Amino acid sequence: MIERHIQLGDWPLKSGGVLRDARLTALQAGSLNARRDNLVLIPCYYGGTARGSLPLVGAGSPLAGGDYCVVLFDLFGNGVASSPSNAHPSQRGPRFPFVALEDNVAAQAAALNAWFGPVEIALATGWSMGGMQSYQWAMHHPKRVRRLLPVCATARCWPHNRVFLDGVRAALQADATFNGGDYQQPPEAGLRAFARVYAGWAYSQAFFRRGLYRRLGFDSIEALLRFWEEDHLAQDANDLLAVLAAWEAADPGDGDLATALGAIRARALILPSRTDLYFTVDDARHEAGLIPGATLQVLDSDLGHAAGAPGRDPASTAAWFQAMARLLA
């Protein structure tokens, strides 16, 4: 595994202004072949890092045998790449500029060009916000992206999805310690509230009713929620909100979704979860209908959105591997 990074300088942003001293990071597994046609791109999901997607190159994956050059990107705002918690001093904390998904994809393209030169993308895939970035790649680079496989993701942040995001944001910002993002110590009460509200959306009703949290190693719902709290206490509040803003603003084509998705030329397989509460099957099906030749396959899981988390649910991960294998065949 190779750790990659690129210094982008003052990176221009879609909304105007710049991200100062921008730094993008990634992991690379495997090497580019002589034909330069084996590059697989896996962008980062919300709340995670590139390392969180490593199960996608692990045992059972069609990417595990060394036949592909897999690049797993971090995401601006995730605490590893340029983020509110580590930005240029003038842009730390709440002064971090708005960075859109398009800005992430443009920076990823610049990084790939610097590392490999002009090269096609054999497959763009990812879970959740990773899938949203995969859509962006296929829309903005239709001649480069050969195959597209977004998992538990849509290209647009649909209205009900935005309501969910507004709820978790409000829970975090209600902590007086947050202080508009100028906190002197972590807003622990807000981070705990954010985590507990988020957990109710990440899994389905059936997940809790059937006690499926036990499959994940938790003996009670409270134990699961405490795990979520501890995970979010380890993250920076402004980082979480910066990435959430990019997710919430996703609106390809600036409202003309049909034209944006209609530009995709990749062989596309869309993989939503049957019980996802915010990247819903209905929204994914609508978008698939706007992509020329796209196929939709539903993950039959009661884990909700979490079904698509890399390595989380063996059955769903296996379905993802099988979909990758079909596309890459």
Problem - All positions within region 8-30 that are modelled with pLDDT of 95 or more and either among the small types (Gly, Ala, Ser) or outside any strand (DSSP E or B) (or both) - result: Gly9, Leu13, Ala22, Ala26, Ala29
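Taking region 289-307, which residues are surrounded by fewer than 22 Cβ atoms within 10 Å (Cβ to Cβ) and under 19 Å from Trp137 (Cα atoms)? Explain how you work it out, then say what you get.
Step one: list which residues in region 289-307 are surrounded by fewer than 22 Cβ atoms within 10 Å (Cβ to Cβ), which gives 289-290, 292-298, 300, 302.
Scanning region 289-307 gives Gly289, Leu290, Pro292, Gly293, Ala294, Thr295, Leu296.
If you check Gly289, Gly304, which single one turns out to be more than 13 Å from Val151 (Cα to Cα) and in the same structural domain as Ser53 (by TED's automatic domain parsing)?
Gly289
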Completion exercise
Flagged in region 304-314 as within 19 Å of Thr280 (Cα to Cα) and part of a helix (DSSP H, G or I), in numbering order, are Gly304, His305, Ala306, Ala307, Gly308
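Here is a list: Ala284, Ala288, Ala309. Which entry is free of Cβ contacts under 8 Å to residues at least 24 places away in the same chain, of a type outside the set (Ser, Thr, Tyr) and touching a strand residue (DSSP E or B) at 6+ places or on another chain (Cβ under 8 Å)?
After applying the criteria, what remains is Ala288.
Residue by residue, here is whether (1) surrounded by fewer than 16 Cβ atoms within 10 Å (Cβ to Cβ); (2) modelled with pLDDT of 95 or more; (3) in a helix (DSSP H, G or I); (4) not aliphatic (A, V, I, L, M) holds:
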{"site": "Asp103", "(1), (2), (3), (4)": "no, yes, yes, yes"}
{"site": "Ala106", "(1), (2), (3), (4)": "no, yes, yes, no"}
{"site": "Pro118", "(1), (2), (3), (4)": "yes, no, no, yes"}
{"site": "Gly126", "(1), (2), (3), (4)": "no, yes, no, yes"}
{"site": "Met139", "(1), (2), (3), (4)": "no, yes, yes, no"}
{"site": "Thr154", "(1), (2), (3), (4)": "no, yes, no, yes"}
{"site": "Cys157", "(1), (2), (3), (4)": "no, yes, no, yes"}
Problem - Pair list, Cβ under 8 Å, 6 or more apart: region 222-247 residue over 16 Å from Gln173 (Cα atoms), other residue of a type in the set (Ser, Thr, Tyr) and part of a helix (DSSP H, G or I) - result: Ala223/Tyr213; Leu224/Tyr213; Trp228/Tyr198
Fill in the blank from the handout: Inside region 208-218, the number of residues satisfying the requirement of being assigned to a loop (DSSP other than H, G, I, E, B) and surrounded by 15 or more Cβ atoms within 10 Å (Cβ to Cβ) is 1
Problem - Only one of Arg215, Arg265, Arg226, Arg274 that is more than 20 Å from the chain's Cα centre (by Cα), charged (D, E, K, R) and in the same structural domain as Glu287 (by TED's automatic domain parsing) - result: Arg265
Completion exercise
Filter region 159-207 for residues that are without any contact (Cβ under 8 Å) to a residue 60 or more places away in the chain, under 28 Å from Gly255 (Cβ atoms) and among the aliphatic types (A, V, I, L, M); the one that is surrounded by the most Cβ atoms within 10 Å (Cβ to Cβ) is Ala170
Practice task
Among the residues of region 91-101, write down those that are of a type in the set (A, V, I, L, M, F, W, C) and assigned to a loop (DSSP other than H, G, I, E, B).
Solution key: Phe96, Phe98, Val99, Ala100
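Take region 78-95 and flag every residue that is of a type outside the set (Ser, Thr, Tyr) and closer than 30 Å to Asp37 by Cα.
Correct list: Asn78, Val80, Ala81.
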Handout entry: Hey, Ala110 of a type in the set (A, V, I, L, M, F, W, C) and crowded, with 16+ Cβ neighbours inside 10 Å or not
Key = no
Fill in the blank from the handout: With the first residue restricted to region 6-35 and required to be in the same structural domain as Asn113 (by TED's automatic domain parsing) and on the phi > 0 side of the Ramachandran plot, and the second required to be surrounded by 14 or more Cβ atoms within 10 Å (Cβ to Cβ) and in a strand (DSSP E or B), Cβ contacts under 6 Å at 6 or more apart or on different chains are Gly30/Cys69; Gly30/Val70
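The values are calculated or read from the model by the stated rules, or taken from the named source; none is laboratory data. From a predicted model like this one, the values you see are computed outputs, not experimental measurements. Please note: Cβ atoms are built from the backbone with ideal geometry, for glycine as well, and neighbour counts cover all protein chains shown.
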